[in-house]
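The structure under discussion appears below in the form of structure tokens.
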């Protein structure tokens with residue numbers, strides 16, 4: 001097949017222009033490159049991406065951490081009526097929701113359980129209000145009661161019930177305990193945490209205090225210690241960006257995938273297909289024709305690979321260039337990754353259950369890049385076999 005680029009080469013070969021010093025030659029080939037480079041970039045990108053994706057890869061288990069089942073245990077007792085504590089808890093849960101580095105794709109399951117909401121239930125005052133199920137941000141936030149009453153702070157009972165709820169689930173599990181840390185019943189929540197973690201070695205408990213009760217801090221620190229987790233005082237996690245950093249460390253830290261040498265190809269450095277973005281934009285389509293062609297080719301190559309491997313999934317790592325505030329950049333990087341996920345879903349019918357959004361915000365390297373460097377504003381594809 002004869003291409004326009006071939007025509008440019010034919011002009012050169014048949015001598016339509018003069019010798020190498022003919023000024024028209026430089027202009028002609030500049031025009032050829034300007035007109036046809038997007039097509040060439042698309043072809044070359046498709047080929048290179050296909051080669052990269054076909055490289056066998058291995059993941060070191062020590063390089064990643066996945067917790068597929070999470071239970072948020074929150075304090076809805078009378079203590080939370082004091083000093084707007086419950087409103088502070090809801091604010092933290094909004095940060096929590098915004099920080100989730102995943103799409104609603106079923107990659108992980110989450111449930112909600114309260115302790116202390118109901119008046120008159122005494123020391124068994126705990127109840128599941130959202131059964132453990134695939135993550136849905138709207139359902140998660142709407143499940144919280146809008147207000148609390150004067151129920152008993154039955155922290156120990158809530159912990160024991162949460163442990164029982166997670167006990168039958170496979171793989172790693174986690175309790176995210178958010179509340180005042182007050183125990184109003186004759187139980188020792190620290191010992192209960194030790195017992196349920198002894199019965200379930202794959203369970204971790206992380207605690208987040210609302211308010212500044214010294215007794216609450218004592219219990220929550222002890223629970224986190226016995227639960228192989230972390231304790232956080234109120235105010236430590238003051239934004240979605242800070243919550244996101246905690247999640248990446250203890251919950252959904254991305255795996256590092258490295259290429260494995262192929263007997264016929266030798267060792268080839270690992271690389272990832274990439275979609276880049278215009279400044280302050282999250283549209284996968286670019287005003288730059290070269291970048292636009294490259295983006296479409298990268299996505300088409302990823303789609304081809306996923307169709308050839310129906311069990312594979314893809315992680316979409318979003319980045320920003322660091323020119324704004326950290327929380328804004330984190331949200332922008334999330335929107336970029338979600339935009340790619342939406343494009344793959346609507347245009348190529350890739351199920352959302354096979355895609356996972358991982359927003360990183362700005363990185364040190366991205367912040368140092370000049371504005372015209374698109375690589376600071378990108379989404380990287382990570383194929384997971």
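Where does the range 101-245 land on the Kirkwood hydrodynamic radius, alpha-carbon pairs, in angstrom?
Hydrodynamic radius (Kirkwood, Cα pairs) of the range 101-245 is 15.8 Å.
Could you order the peptides 227-239, 134-146 from most to least packed, using the average number of other C-beta atoms within 10 Å per residue?
227-239, 134-146
Stick to the Cα atoms of the range 282-348, pair each with every other, and give me the Kirkwood hydrodynamic radius in Å at one decimal.
So the Kirkwood estimate lands at 13.1 Å.
I want the antiparallel fraction of DSSP beta bridges within the range 64-250, as a percent rounded to 5.
20 percent
Compute the Cα gyration tensor for the range 67-182, then decide on rounded, prolate or oblate, letting a ≥ b ≥ c be the square roots of its eigenvalues: rounded whenever a/c is under 1.5, prolate when a/b is larger than b/c in the other cases, and oblate in all that remain.
Note, shape of the range 67-182 comes out oblate.
Relative contact order for the range 64-250 using alpha-carbon pairs under 8 Å, separation at least 6, rounded to a whole percent?
After rounding, I find 25 percent.
Can you classify the range 134-189 as rounded, prolate or oblate using the Cα gyration tensor, where a ≥ b ≥ c are the square roots of its eigenvalues, rounded means a/c under 1.5, and otherwise it's prolate if a/b beats b/c and oblate if not?
oblate
Bear in mind these aren't lab numbers, they're just calculated from the coordinates by the rules spelled out. Owing to the predicted nature of the structure, the values given are computational and were not obtained by experimental measurement. With ideal geometry, Cβ positions are generated from the backbone for all residues, glycine too; neighbour counts draw on all protein chains shown.
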